[in-house]
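The values are calculated or read from the model by the stated rules, or taken from the named source; none is laboratory data. Quantities reported herein were computed from a predicted structural model and do not represent experimental measurements. Positions of Cβ are generated from backbone atoms using ideal geometry, with glycine treated the same way; all protein chains shown enter the neighbour counts. Areas reflect the complete protein model, heavy atoms only, side chains present, ligands, DNA and RNA absent. Shrake-Rupley method; radii C 1.70, N 1.55, O 1.52, S 1.80 Å.
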Amino acid sequence: IGALRWHFLLQSLEDLQKNLCQLGSCLLVAQGEYEAVLRDQVQRWEITRVTLDAETEPFYKEMEANIRRLGAELGFEVLSLLGHSLYDTNRILDLNGGSPPLTYKRFLHILSLLGDPEVPVRNLTAEDFQRCRIPDSGLAESYRVPLPGDLKIPPQNPSPWRGGETEGLQRLEQHLTDQGWVANFTKPRTIPNSLLPSTTGLSPYFSMGCLSVRTFFYRLSNIYAQAKHHSLPPVSLQGQLLWREFFYTVASATPNFTKMAGNPICLQIGWYEDAERLHKWKTAQTGFPWIDAIMTQLRQEGWIHHLARHAVACFLTRGDLWISWEEGMKVFEELLLDADYSINAGNWMWLSASAFFHQYTRIFCPVRFGRRTDPEGQYIRKYLPMLKNFPSKYIYEPWTASEEEQKQAGCIIGRDYPFPMVNHKEASDHNLQLMKQVREEQHR
């Protein structure tokens, strides 16, 4: 987890602390290994019940099992509640039975049998919070939200994204005011290189638990009910929430989901190991402005549009560099504010054509893809200022400008900005043949 996500988490905790204080309660933050912390706190506070989110990731499944063992030993009840996802993935898998691997179409059919997601039995009230014991101020200080310095991360946070429920709800309301946009939203029509997010930008708030997916799901349902026509899954806004559920469900049932080896749904590919090329991709030094601008935005802000993610993922894997999707997944895990075990790995397998997606002949061009929606290159000019003075006809391929034109733009290719690290046409053609060969061999 990188510094930007740490800042987002700390801001989220500060916001939660402030909102709880307004309800007459407070937030106590205890740091350390969870078993040691629980042993200490259970005895210190005479705790009789521990509640936690029911999660699908292996780490959290193991954690819940350990906490239950600890509860049996120390005499506290453990209450595990479904909160982070819309549905209980185990129920979906039970209905799928012994069928072949779950497809999105089959998944939607199963959800139609389950009906709408369940809602909590009741919401907590202000009175519930006021019944909580509030420690004296001296004790509360030892349980305060950590500061960046406590975690040895930089105090400055360059990202424009601010963590917390308050910010998440404001963003939600802002998007839901335009009911026409909500009803007609289709994911493929959004713009990957707009200077402001052309999607909702709510994913970091769902990922960190600042915003309830149920709140969003039912608010969308109300808007759809009032619209004469609205878009449908998989491209609608509700469809995006269901993609999230789909990846959670598949991940919960797939061993080694974040790895190629030992992963039963993943194509086994002999990817190249090339630390230098991987470093150039990660540090925005590929020589393709569209790709480097995306990787710069990712590092500076912690968020990029889903189609921008598609472009850089394809470039790293089957498109140009033939480097394993696991390496790209690790970079996204570190840098994305909305990094998520199931969705991150699922999308990387998809975009590398290792699982789910089989139209592997469709390769994103690192020049034409960005130019289609931003021909003037404003996005590149923002994130790669060394290229900002190039005429629009060269902004996606600055190496094609003459030496004199490069001097006029104040940027010499090969000195101030790198030449392309590969010939895209040659690399993508070669990789396409490799992918065909791999798939044919493993199909046989």
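Is it the case, given these coordinates, that G32 is in contact with a Phe, Trp or Tyr (Cβ under 9 Å, 6 or more places away or on another chain) and surrounded by fewer than 15 Cβ atoms within 10 Å (Cβ to Cβ)? So G32 fails the test.
Taken over the stretch 197-226, residues that are open to solvent by 30 Å² or more (accessible area, probe 1.4 Å) and of a type outside the set (S, T, Y) amount to 7.
The sole residue among F288, F257 that is of a type outside the set (D, E, K, R), over 18 Å from L335 (Cα atoms), touching a helix residue (DSSP H, G or I) at 6+ places or on another chain (Cβ under 7 Å) and open to solvent by less than 10 Å² (accessible area, probe 1.4 Å) is F257. Inspect the stretch 136-154 for any residue being closer than 30 Å to I291 by Cα and not hydroxyl-bearing (S, T, Y) and give the result as yes or no. Yes: the stretch 136-154 contains one or more residues that are closer than 30 Å to I291 by Cα and not hydroxyl-bearing (S, T, Y). Apart from one condition, A313 fits all of (1) of a type outside the set (D, E, K, R); (2) buried (at least 21 other Cβ atoms within 10 Å of the Cβ); (3) within 23 Å of R162 (Cα to Cα); the exception is (3). Screening S99 on (1) of a type in the set (G, A, S); (2) outside any loop (DSSP other than H, G, I, E, B); (3) closer than 21 Å to E245 by Cα shows it passes everything except condition (2).
Could you check, for the stretch 66-80, whether at least one of its residues is charged (D, E, K, R), touching an Asp or Glu at 6+ places or on another chain (Cβ under 9 Å) and farther than 24 Å from T258 by Cβ? No, every residue in the stretch 66-80 fails to be charged (D, E, K, R), touching an Asp or Glu at 6+ places or on another chain (Cβ under 9 Å) and farther than 24 Å from T258 by Cβ. Residues that are open to solvent by 80 Å² or more (accessible area, probe 1.4 Å), more than 24 Å from T215 (Cβ to Cβ) and within 24 Å of the chain's Cα centre (by Cα) do not occur anywhere in the stretch 74-94.
Can you say whether S194 is over 28 Å from G24 (Cα atoms), open to solvent by less than 20 Å² (accessible area, probe 1.4 Å), part of a loop (DSSP other than H, G, I, E, B) and at pLDDT below 95, as far as the supplied structure shows? Taking the combined requirement at face value, the residue does not satisfy it. Applying a threshold of 6 Å to beta carbon distances and a minimum spacing of six or more residues, or different chains, the list of pairs starting in the stretch 267-287 at a residue that is touching a residue at least 40 places away in the same chain (Cβ under 8 Å) and ending at one that is part of a helix (DSSP H, G or I) and open to solvent by 30 Å² or more (accessible area, probe 1.4 Å) reads L278/E327; T286/K280. With respect to being more than 29 Å from the chain's Cα centre (by Cα) and surrounded by fewer than 13 Cβ atoms within 10 Å (Cβ to Cβ), Q22 fits the description.
For every residue, the table says whether it meets (1) at pLDDT 75 or above; (2) among the aromatic types (F, W, Y); (3) assigned by the TED database to the domain that holds Q226; (4) open to solvent by less than 90 Å² (accessible area, probe 1.4 Å).
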position	(1), (2), (3), (4)
I110	yes, no, yes, yes
A126	no, no, no, yes
Q130	no, no, no, no
P135	no, no, no, yes
G149	yes, no, no, yes
P154	yes, no, no, yes
E173	yes, no, yes, yes
D178	yes, no, yes, yes
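All conditions in (1) buried (at least 19 other Cβ atoms within 10 Å of the Cβ); (2) among the β-branched types (V, I, T); (3) under 20 Å from the mean Cα position of the chain (by Cα) hold for T283, with the sole exception of (1). Of the helices (runs of 4 or more DSSP H) lying entirely inside the stretch 313-431, those containing at least 1 residues that are of a type in the set (A, V, I, L, M) and at pLDDT 95 or above are 325-335, 341-351, 378-383, 403-409.
Conditions tested, residue by residue: (1) surrounded by fewer than 24 Cβ atoms within 10 Å (Cβ to Cβ); (2) free of Cβ contacts under 8 Å to residues at least 24 places away in the same chain; (3) not assigned by the TED database to the domain that holds Y396.
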position: H306; (1), (2), (3): yes, no, no
position: R309; (1), (2), (3): yes, no, no
position: T317; (1), (2), (3): no, no, no
position: E327; (1), (2), (3): yes, no, no
position: K330; (1), (2), (3): yes, yes, no
position: A339; (1), (2), (3): yes, no, no
position: A345; (1), (2), (3): no, no, no
position: F357; (1), (2), (3): yes, yes, no
position: R371; (1), (2), (3): yes, no, no
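Per the listing P391, P375, P385, P398, the residue uniquely over 19 Å from L316 (Cα atoms), open to solvent by less than 30 Å² (accessible area, probe 1.4 Å) and over 25 Å from the mean Cα position of the chain (by Cα) is P398. For the criterion of being within 29 Å of Y205 (Cα to Cα), part of a loop (DSSP other than H, G, I, E, B) and either open to solvent by 40 Å² or more (accessible area, probe 1.4 Å) or at pLDDT 95 or above (or both), E55 passes.
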